[in-house]
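The values are calculated or read from the model by the stated rules, or taken from the named source; none is laboratory data. Values in this document were obtained by computation on a predicted structure and should not be read as measured data. Quick reminder, even Gly has a Cβ in these numbers, built from the backbone with ideal geometry, and neighbours come from all protein chains shown.
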Amino acid sequence: MSSPKLLHILVACAENRVIGRDGRMPWRIPEDAAFFHRETAGQTVVMGRVCYETWPQARTDGRHPIVVTHNRELARPGADIATSLPEALAIAEKLPGEIMICGGARLYAETLALPRPMRLHLTLVHAEVPGDTFFPEWRQFPWREISRRESADKNFRYTFFELEK
């Protein structure tokens, strides 16, 4: 049996770990959105129901979404439904391309707890942002920094990190 694919976690979060507010991202950072769309194009994207419902491009640009939900009515041509992260990963392992974990908070937490290699593509927004959805604490893991790039727009300073464990 071949070893499992590397998991790629893609997330933008604030210094206080906020990733969402009222079912949406709490900011609009065009450079980060472009990075996210470029990185996920042509890949398998694993996400929860809210992420799927709020991301119109989930089934475009060659992406193959796997939605973790019990709502089978979300099934569409070119998208799979799984009732758990392990089921989603079992489906993803059989598909071509990389496996991108795109949120939400529960899937991020479950993925970070897995004892397997992963790469965290983190856009760290250098601000304390009000919100109701949080990325799990990631700093305690033994990450190795692959790259970092500072950037900013008119509203925020942010850093693109690529970390691996």
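So here's what we get for this one:
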| item | result |
| --- | --- |
| Filtered residues of region 117-155 (kept if among the aliphatic types (A, V, I, L, M) and free of Cβ contacts under 8 Å to residues at least 60 places away in the same chain) | ILE146, ALA152 |
| Qualifying positions in region 121-158 - among the small types (Gly, Ala, Ser), under 14 Å from ASP32 (Cβ atoms) and in a loop (DSSP other than H, G, I, E, B) | ALA127 |
| Residues located in region 1-33, provided they are of a type outside the set (A, V, I, L, M, F, W, C) and in contact with a Gly (Cβ under 7 Å, 6 or more places away or on another chain) | GLY20, ARG21, PRO26 |
| Test: PRO4 is under 22 Å from TRP138 (Cα atoms) and at pLDDT below 95 | yes |
| Residue match in region 156-164 (condition: closer than 27 Å to ALA92 by Cα and without any contact (Cβ under 8 Å) to a residue 24 or more places away in the chain) | no |
| Count of residues meeting criterion [touching a helix residue (DSSP H, G or I) at 6+ places or on another chain (Cβ under 8 Å) and among the small types (Gly, Ala, Ser)] in region 1-37 | 3 |
| Subset of region 121-165 (residues that are out of contact with any strand residue (DSSP E or B) (no Cβ under 8 Å at 6 or more places or on another chain) and either aliphatic (A, V, I, L, M) or surrounded by fewer than 17 Cβ atoms within 10 Å (Cβ to Cβ) (or both)) | GLU137, ARG139, GLN140, PHE141, PRO142, ASP153, LYS154, ASN155 |
| Subset of region 4-63 [without any contact (Cβ under 8 Å) to a residue 60 or more places away in the chain and in contact with an Asp or Glu (Cβ under 6 Å, 6 or more places away or on another chain)] | ALA41, GLN43 |
